[in-house]
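Accompanying notes for the structure given below.
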Amino acid sequence: MYPLLSKSYKGVFPFNIGTTSFIYPDDYVPNVKMLGPYLENIELLLFESNHTDALPSEKVIGELANLAKDFNLAYNVHLPTDISISSRNQRQQSLAVETINRVAERVAPLSPTTLTLHVPYNETSLDEDDVKSWQERVIKHLAKILANGTPSHLLSIENLDYPFEFLDPIISELDLKICLDCGHLILHGDDIEKFFKTYSAKIAIMHLYGVAKNHFHGALDQLPEKRMASIMKLLAKFNEVVSLEVFSYAHLDASLKFMDTCWRHQQKENGS
């Protein structure tokens, strides 16, 4: 018997609060059954694509769709991370496009709020020519994915370990969304508030978790209260999805309690 969360967080925040599908050491359906009564959104982690049973079966997708109705929740999908549409290798490029199309078609019955994609930058330099060549490959293959039927508003590109400005012309031209991963920004010393203000109109989902030294995806209470307070001020203006991207019950429980406390402190300061 797995431990359950102590209270429901549905309707507590102005944003839709969620977490990953692997909080408990079990499959998608058992995780959703245990998390559904307490949260508003589940991030379905489909990180791997290179084995035959990597994707949820059609039967599992049907069960997840029914659970969404039962618990009044929605799903967002994290696309596989073992592929790269920005690869210089043409075979890898084609494989990435085919994989993303296959995943998008499989999860379509769930009406996901967003499909989050990593677009790696593995060029040898940050020179203008290398960046331009990379951008051309990325936009070419994203366009193929959109041409297959995935609406542009469903595809959110996550900030990683290179300047997000590299993606600006691609996101603008294809009218894509953004996944703001706060942990990646913290890890690289970037300004979360600046990023949020710059791209707020495009942000469809935020990933939030604790970061301590070089360890991330830990409990949210690893963050200093001052930093968390500044994040909560941003979230007060956000009405999309916030996914607590942690992978255990202990980290989720601690994260939710810490976020709830920080939120109540902010409301009190604002006289709400």
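The values are calculated or read from the model by the stated rules, or taken from the named source; none is laboratory data. Computed from a predicted model, the values in this text were never measured in an experiment. Note: ideal-geometry Cβ built from the backbone for every residue, glycine included; neighbour counts use all protein chains shown.
When the residues of region 52-92 are narrowed to those that are aliphatic (A, V, I, L, M) and not in a loop (DSSP other than H, G, I, E, B), which ends up nearest to the chain's Cα centre (by Cα)? Reasoning before the result, please.
From region 52-92, those aliphatic (A, V, I, L, M) are 54-55, 60-61, 64-65, 67-68, 73-74, 77, 79, 83, 85; that's our starting set.
Those left that are additionally not in a loop (DSSP other than H, G, I, E, B): 60-61, 64-65, 67-68, 74, 77.
Working: V60: 21, I61: 19, L64: 18, A65: 19, L67: 21, A68: 18, A74: 13, V77: 7 Å.
Out of the qualifying residues, it is V77.
Counting only residues that are in contact (Cβ under 8 Å) with a residue 24 or more places away in the chain, within 21 Å of S111 (Cα to Cα) and either surrounded by fewer than 17 Cβ atoms within 10 Å (Cβ to Cβ) or of a type in the set (S, T, N, Q) (or both), region 147-169 holds 6 of them.
Between S255, S200, S230, S172, the distinction of being under 17 Å from the mean Cα position of the chain (by Cα), surrounded by fewer than 18 Cβ atoms within 10 Å (Cβ to Cβ) and assigned to a helix (DSSP H, G or I) belongs to S200 only.
Residues checked against (1) of a type in the set (V, I, T); (2) in contact with a Gly (Cβ under 9 Å, 6 or more places away or on another chain):
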{"site": "V97", "(1), (2)": "yes, no"}
{"site": "V103", "(1), (2)": "yes, no"}
{"site": "H118", "(1), (2)": "no, no"}
{"site": "S125", "(1), (2)": "no, no"}
{"site": "W134", "(1), (2)": "no, no"}
{"site": "G189", "(1), (2)": "no, no"}
{"site": "H207", "(1), (2)": "no, yes"}
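A single member of Q267, Q222 is at pLDDT below 95, under 20 Å from I17 (Cα atoms) and either in contact with a strand residue (DSSP E or B) (Cβ under 6 Å, 6 or more places away or on another chain) or basic (K, R) (or both), and it is Q222. Take the residues in region 175-197 that are touching a residue at least 40 places away in the same chain (Cβ under 8 Å) and outside any helix (DSSP H, G or I), then tell me which one is nearest to V138 (Cα to Cα). Looking at the filtered set, the residue picked out is K177. Restricting the search to region 31-73, which residues are free of Cβ contacts under 8 Å to residues at least 12 places away in the same chain and either β-branched (V, I, T) or farther than 24 Å from N239 by Cβ (or both)? Within region 31-73, N31, H51, T52, D53, S57, K59, N66 qualify.
For region 7-50, a residue qualifies if it is modelled with pLDDT of 95 or more, hydroxyl-bearing (S, T, Y) and more than 17 Å from P112 (Cα to Cα), and the qualifying residues are S8, Y9, Y24, Y38.
Here F247 fits the description: touching a strand residue (DSSP E or B) at 6+ places or on another chain (Cβ under 7 Å), part of a loop (DSSP other than H, G, I, E, B) and not acidic (D, E).
Could you list, in sequence order, the residues of region 111-129 that are surrounded by 11 or more Cβ atoms within 10 Å (Cβ to Cβ), more than 30 Å from I61 (Cα to Cα) and either modelled with pLDDT under 95 or among the hydrophobic types (A, V, I, L, M, F, W, C) (or both)? Let's see the steps before the verdict.
Of all residues in region 111-129, those surrounded by 11 or more Cβ atoms within 10 Å (Cβ to Cβ) come to 111-121, 123, 126.
From the residues that got through so far, the ones that are more than 30 Å from I61 (Cα to Cα) too are 121, 123, 126.
Across region 111-129, the qualifying residues are E123, L126.
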